[in-house]
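Read the structure below first, then the notes.
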Amino acid sequence: MSAATTTNAADRLGIRAHSDGGWDAPSTRTTPVQTRSDRFSSNIHDDFAIVVGTELEWKLTPVAAVRPLIDDALDGSPYAYFVNGSPGVAVEWVDRNDARIGTAGTAEDRASANAWSSFEKALAITVSGDEPVELTLSRSSFGPSARGAHTLITAKANSRAHIVLQNDGQALLSENVEIVVEDGAQLTVVSVQEWADDAIHLASHFATVGRDARFTHVVVSLGGRVVRLNPSVHLSGDGADGELFGLYFADAGQHFEQRVYLHHQAAHTKGRVNYKGALQGVGAHTVWVGDVLIGRDAAGTDSYEQNRNLVLSEGTRADSIPNLEIETGDILGAGHASATGRFDDEQLFYLQARGISEAEARRLVVLGFLSEIVQKIGRSDLEERLQLAIDAELATGTSA
Amino acid sequence: MSVLEVKNLHVSVETEQGTKHILKGVDLVIREGEIHAIMGPNGSGKSTLAYSIAGHPKYHIDSGSVTLDGIEVLTMSVDQRARAGLFLAMQYPVEIPGVTVTNFLRTAKTAIDGVEPSIRQWVSTVNKAMADLRMDKSFAARNVNEGFSGGEKKRHEILQLELLEPKFAILDETDSGLDVDALKIVAEGVNRAKTNTGLGILLITHYTRILRYITPDFVHVFVDGRVAEEGGPELADRLEDEGYDRFLTTDNVTTDSQANERVTSQGPSETSVG
């Protein structure tokens, strides 16, 4: 009786070890990774431990749904794609031993390493010359079997390009996209996920941005069952500029996740991260993690990250976790913001007081909220199409 | 001849301290082309009257009626009231990020009229109305109220008033926070709307200053949720000289000091939110 009481006292007083840790068990004491850049990375699948689902990088992901991509063999053969673009861009399959592979990053999770171990050839998109070029790479025939893929995007020094990765149709895909923005280049990469309802897509985008180069990365996720797209951007050259934008609209049962990592490595780099999302319908779940690391050599850095979520119905969940790590005091500024809120009744009242119906008022406010990101895409045809797609998402939610 | 009629209106709001009765039997009749000034101390219920007529969900109608040409307004949704011909120029217009003034005005005009305005004519109408209110053309491309100064917000409210052509407009402290130049521009707009469309106006104000530029036909003094005194424009002059003190009789003092206290205690929290 007294022994039981003693044991329970720990519970009662709340002095037990934290459930996700094991940090203070003397025999197995582990130290958490202190700095974002120290996180374990490897391109070999077996180097990563079996995923149980409570790991920091997986605990917000529906692991059961993505399990085949984490553990199973992936078909890494070349797939069909469609290219629409200017002549100044080369698109070709290259071998695994191509010198460019691995220059922009290394896998940080087991599904990413699985894709890295599996791909037979990488699809290389290379931009050169001084003239601005545009390219849309459409992928819509991955099909239902588990696949791994690798893409290399290189913007040669002083080149200028706008590249859209347009994703539709069925997919069970884990992939890595390496992006190298050489000195003085200006590159925009927009990844649009308009997958079929049952698609599962895990992606890691790795980018390095050279001296005085400018990189804009936009993630647009509207379709798919689970989409997890993690961009890691290293501003590695002095004066590099990185803008990381995201827009997502999760309906009932959809899981959209983005773990953003922006690393200010060099001096006078500027970073802006802005992700905005809407959630509507039971089981809609979004995750945004924003890691910004300002390294010890990144003097004069100017950095700001934010995430805003607009909750349109009951039964949704939005996780929003900004992390800002600063290793030098000599910066221009660094900040972060996160807000998740319901529809603003005062906005609704204002619009209705001008005769606009409630449904139309909601539509205006949501489109307005998301259009800040749509306007950053920089391709008017795509912007118009996405406005319509968001409009359609809203219409589905209203009728459902 | 249009008539807006408020009869024995009782309104309450829910606060953390419980239900608070704000309007305690308001009667008003406003006819087409008339300007009625509602004046009164802070906390007397002036804004509550404005928002109750417009249909803000925060205000609970306990009893009474508001009719527009004999039709009950209080059972209508907010947007139905606007389409029926009511307009509220707000004291604190909210920002609508990502929605441009152009888009907003066209959407509102379409909603009010039931048909989309013909593009060419509409553009020139908007441009003229903006020029009349000395608003720069760049205004049209900005997002609704986002980053607007206090004066710009008020001019934007009057721009809507002129373009949407309601039968009756309630101006909720449109004069507050305006310098004299902006006040004149705003007043011109209101007078123009009255001349052009025979607008009836309920002008809510704490100060008599705006009444130099918009001449009221009737002045109603609001104290503790009721009309305490009514008269012509001369009543406003008297208020300018004497203030509201003589209305704060023993009968009113208790309730009114409570009302003032409520307003005062809200002050800091509003500041911290803003």
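The values are calculated or read from the model by the stated rules, or taken from the named source; none is laboratory data. What you see is a predicted model; the values in this text were computed from it and never measured. Note: ideal-geometry Cβ built from the backbone for every residue, glycine included; neighbour counts use all protein chains shown. Just the protein is used for accessible areas: all its heavy atoms, side chains included, with ligands, DNA and RNA removed. Shrake-Rupley method; radii C 1.70, N 1.55, O 1.52, S 1.80 Å.
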Percent relative contact order for chain A, counting Cα pairs under 8 Å at least six residues apart, stands at 9 percent
Residue separation between A:Asn43 and A:Arg211 times 0.36 nm, minus their alpha-carbon distance, gives in nm 57.8 nm
Candidates B:Leu235, B:Leu203, B:Leu88; GNM for chain B (alpha-carbon contacts under 10 Å) flags as most fluctuating B:Leu235
Excluding residues fewer than 8 positions from A:Lys156 in its own chain, the aspartates and glutamates with Cα under 18 Å of it are A:Glu92, A:Asp98, A:Asp130, A:Glu131, A:Glu134, A:Glu178, A:Glu182, A:Asp183, A:Asp212, A:Asp238, A:Asp241
SASA check, B:Ser138, accessible area w/ 1.4 Å probe, all protein chains in place, rounded to nearest 10 Å², comes out at 70 Å²
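Between B:Glu14 and B:Arg142, what is the FRET efficiency for a Förster distance of 60 Å, r being their Cβ-Cβ separation, to the nearest 0.05? Walk me through the intermediate numbers first.
Numbers: r = 36 Å, r/R0 = 0.59.
Once rounded, the FRET efficiency stands at 0.95.
Going from most exposed to least, what order do B:Met39, B:Met76 have by accessible area with a 1.4 Å probe?
Details: B:Met39 0, B:Met76 45 Å².
Most to least solvent-accessible, the answer reads B:Met76, B:Met39.
Using DSSP to define loop residues, name the GluC sites (Glu not before Pro) in segment B:1-106 whose beta-carbon has at most 13 other beta-carbon atoms within 10 Å.
Values: sites: B:Glu5, B:Glu14, B:Glu16, B:Glu32, B:Glu34, B:Glu72, B:Glu95; in loops: B:Glu16, B:Glu32, B:Glu34, B:Glu95.
In loop regions of segment B:1-106 (DSSP not H, G, I, E or B), the sparsely surrounded GluC sites (Glu not before Pro) are B:Glu16.
Using just the helices of the protein assembly as shown, give the 222 nm mean residue ellipticity in deg cm²/dmol: DSSP H runs with n ≥ 4 each add -39,500 (n - 2.57), and the total is spread over all residues, rounded to 500. Don't jump to the answer; show the numbers that get you there.
Working: 14 runs with 185 residues, N = 674.
Only helices count here, giving -8500 deg cm²/dmol.
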The percentage of the accessible area of the protein assembly as shown (probe 1.4 Å, all protein chains present) made up of carbon and sulfur atoms, to the nearest whole number, is 49 percent
For the pair A and B, the solvent-accessible area buried on both sides (1.4 Å probe; DNA, RNA and ligands excluded), in Å² to the nearest hundred, is 1900 Å²
Between the modelled labels at B:Asp132 and A:Glu55 (7 Å from Cα along Cα→Cβ) the distance in nm is 6.7 nm
Probe 1.4 Å, all chains present, heavy atoms only: A:Val282 accessible area in Å², nearest 10, is 110 Å²
Between the modelled labels at A:Asp197 and A:Glu314 (7 Å from Cα along Cα→Cβ) the distance in nm is 2.3 nm
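Of A:Asp212, A:Asp238, which has the most accessible area and how do the rest follow, probe 1.4 Å?
Numbers: A:Asp212 100, A:Asp238 65 Å².
Result of the area sort, largest leading: A:Asp212, A:Asp238.
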Scoring only Lys, Arg, Asp and Glu (+1, +1, -1, -1) among other residues with Cβ under 13 Å from the Cβ of A:Val33 yields -4
A:Gly300 neighbourhood, Cβ < 15 Å, K/R = +1, D/E = -1, net charge -4
Quick tally, 1.4 Å probe accessible area for A:Asp344, A:Asp330, sorted with the most first, runs A:Asp330, A:Asp344
With all protein chains in place and a 1.4 Å probe, A:Arg36 shows an accessible area in Å² (nearest 10) of 30 Å²
Extend 7 Å from the Cα of A:Thr35 along its Cα-to-C-beta direction; within segment A:250-269, residues with backbone N under 18 Å of that point are A:261-269
Of B:Thr208, B:Thr110, B:Thr174, the most mobile residue in a GNM of chain B (C-alpha springs, cutoff 10 Å) is B:Thr110
Among B:Asp224, B:Asp136, B:Asp27, the residue with the largest mean-square fluctuation in a Gaussian network model of chain B built from Cα contacts under 10 Å is B:Asp136
Check: C-alpha center segment A:163-180 vs C-alpha center segment B:221-237, spacing in Å is 70 Å
Within segment A:348-381, the residues whose backbone N lies under 18 Å from a label point placed 7 Å from the Cα of B:Ile119 along the Cα-to-Cβ direction are A:381
Under the Karplus relation with 6.51, -1.76 and 1.60 and θ = phi - 60°, whole-Hz ³J(HN,Hα) for segment A:152-157, x at Gly and Pro, equal 10, 10, 10, 9, 5, 3
